[in-house]
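Asker: Structure incoming, see below.
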Amino acid sequence: MQYRRLGRSGLQVSELSLGSWVTYHNQVGTQAATEMLAAAFDAGINFFDNAEIYADGQSEVVMGEAFKALKWPRLNYVVSTKFFWGLNREGHSVNRKDTLNRKYLMQAIDGSLKRMQLDFIDLVYCHRPDPHTPIEETVRAMSDMITQGKALYWGTSEWSAGDIRAAWEIAERHHLHRPVMEQPQYNLFHRQRVEKEYARLYEDIGLGLTTWSPLASGLLTGKYRHGIPAGSRGALENMGWMREQLQDPAKNAVVAQLEGIAAELGGNVAQLAIAWANRNPQVSTVILGASKLSQLQDNLGALALTPKLAPEVLARIDDVSKAVTQ
């Protein structure tokens, strides 16, 4: 496992990390989460990603209980959460849902700290942009979380390059804590934002990336080439909205060709896809998702494939996938 600085910050995160979207509480309870966190940590992973909205807050509870059981020194791991959608179980309120206003943010961080049983959270993200709240209000609230010692670094997730730059410039102008990182989707089928839209930000403001969905929600594992397998993410009742994209004929045809390239390198298509995202020098860490220990262990095999992605191999991958790339 290699470690990379998070943008221009001094914080170092493992090149592969472990997230909890879909899995924690829905597929993975506290005991299984504890086992997977321990295995990930033993493999060198030091960053664990979460969000308030995951399982309506219960993902944070599961991860917090696992941290408590593992009793790791707090300096040895990095944990994140994200704010925007609010919690459904707390009911509807104009200042609770789909917002980044100060009232919501300053209470949301307290809720996450309580659920995760932590004194502070290392990385906090604005989970989506909020066009109805002035960016300056959001920047000041996120900066204040850090000033108050409730968080160490803040960033964004799925924001436009223009909004990220605006937030950074507001913070710079007013001597506030600047956004350090962005968490975008990045995989072989979804790459334009990371590779084109954000291109100027890496050098201009030192933006770091903690990318999600390296396997395109499982499509790049090859498991959906012949339908939706029982027990898979696509089979979950609350994931019905993604079934059509998981069975996309054109993308599954690409996966079939990628399987051949992966086999030549001594791996499988999932490992190849993770290694492909990992080889991008702008990516600080690639967030993995796993519903069982064997899946996590298999995905960690991507570390062996990353150095094998020579320019000619990358060119073959691009040639195979370019027709379905966004």
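The values are calculated or read from the model by the stated rules, or taken from the named source; none is laboratory data. Nothing here was measured: the structure is a model prediction, and the numbers come from that model. Cβ sites come from the backbone with ideal geometry, for glycine too, and all protein chains shown count toward neighbours. Just so you know, the surface numbers come from the protein's heavy atoms only, side chains and all, with ligands and any DNA or RNA stripped out. Shrake-Rupley method; radii C 1.70, N 1.55, O 1.52, S 1.80 Å.
Asker: Over the chain, with the other protein chains present, what is the accessible area per residue in square angstrom, probe 1.4 angstrom? If you can, show how the numbers build up before the last one.
Answerer: Details: 13750 Å² over 326 residues.
In whole numbers, the chain has 42 Å² accessible per residue.
Asker: Can you give the FRET efficiency to the nearest 0.05 for A256 and E90, using r as the Cβ-Cβ distance and R₀ = 51 Å? Walk me through the intermediate numbers first.
Answerer: Values: r = 45 Å, r/R0 = 0.88.
The computed FRET efficiency comes out at 0.70.
Asker: Just to confirm a number: summing +1 for Lys and Arg and -1 for Asp and Glu over residues other than V139 whose beta-carbon lies under 15 angstrom from that of V139, what do you get? Can you show the working numbers first?
Answerer: Working: positive: R102, R140, R165, R173, R178; negative: D130, E136, E137, D144, D163, E169, E172, E182.
Within the 15 Å Cβ shell, the charges total -3.
Asker: In addition: Return a whole-number percent for the relative contact order of the chain, with Cα pairs under 8 Å and 6 or more residues apart as the contact set.
Answerer: 18 percent
Asker: A further question follows. Can you tally the net charge around L309? Count Lys and Arg as +1, Asp and Glu as -1, for every other residue whose Cβ sits under 13 Å from the Cβ of L309.
Answerer: Details: positive: R279, K308, R316; negative: E264, E312, D318.
Around L309, the surrounding residues sum to 0.
Asker: On to the next question. Relative contact order for the range 38-197 using alpha-carbon pairs under 8 Å, separation at least 6, rounded to a whole percent? List each step's numbers first, then the result.
Answerer: Working: 242 pairs, mean separation 29.4, N = 160.
Worked out over the range 38-197, it gives 18 percent.
Asker: Any chance you could check the Cα centroid distance between the range 196-219 and the range 284-310 for me, in angstrom?
Answerer: The two parts, judged by their Cα centres, are 17 Å apart.
Asker: Rounded to the nearest 0.05, what FRET efficiency do I146 and A39 give with R0 = 25 Å and r taken as the Cβ-Cβ distance? Could you check? List each step's numbers first, then the result.
Answerer: On the way: r = 31 Å, r/R0 = 1.25.
After rounding to 0.05, the efficiency reads 0.20.
Asker: For the range 106-159 and the range 33-102, what is the separation of their C-alpha centers, rounded to whole Å?
Answerer: Each part reduced to its Cα centre gives a spacing of 13 Å.
Asker: Plugging the Kirkwood radius over Cα pairs into Stokes-Einstein for the chain, at a temperature of 25 °C and a viscosity of 0.890 mPa s, what D comes out in µm²/s? Walk me through the numbers on the way to the answer.
Answerer: Details: Rh = 20.1 Å.
Approximately 122 µm²/s, per Stokes-Einstein.
Asker: Right, something else. Quick one: if you stick a label point 7 Å off each Cα along the C-beta vector at Q117 and W72, how many nm between them?
Answerer: 1.5 nm
Asker: Further question on the same structure: Determine the dipole magnitude for the chain: charges of +1 sit on the beta-carbon of Lys and Arg, -1 on that of Asp and Glu, nothing else is charged, the reference point is the Cα centre, and the result goes in debye to the nearest 20. Intermediate results must be reported in sequence, preceding the final value.
Answerer: Values: 34 positive and 35 negative charges, 39 e Å.
Charge dipole of the chain: 180 debye, to the nearest 20.
Asker: Let me ask something additional. Would you calculate a helix-derived [θ] at 222 nm for the chain, using -39,500 (n - 2.57) for each DSSP H run of n ≥ 4 and dividing by the full residue count, to the nearest 500? Don't skip to the end; give the middle numbers.
Answerer: Numbers: 12 runs with 125 residues, N = 326.
Computed mean residue ellipticity for the chain: -11500 deg cm²/dmol.
Asker: Another one. With 10 Å bins from zero, work out the P(r) of the range 1-125 over every alpha carbon pair and list the percent per bin.
Answerer: Pair shares across the bins are 13, 44, 33, 10, 0.
Asker: For the range 241-326, calculate the relative contact order in percent as a whole number, restricting contacts to Cα pairs under 8 Å that are 6 or more residues apart. Don't skip to the end; give the middle numbers.
Answerer: Working: 58 pairs, mean separation 28.7, N = 86.
Relative contact order here is 33 percent.
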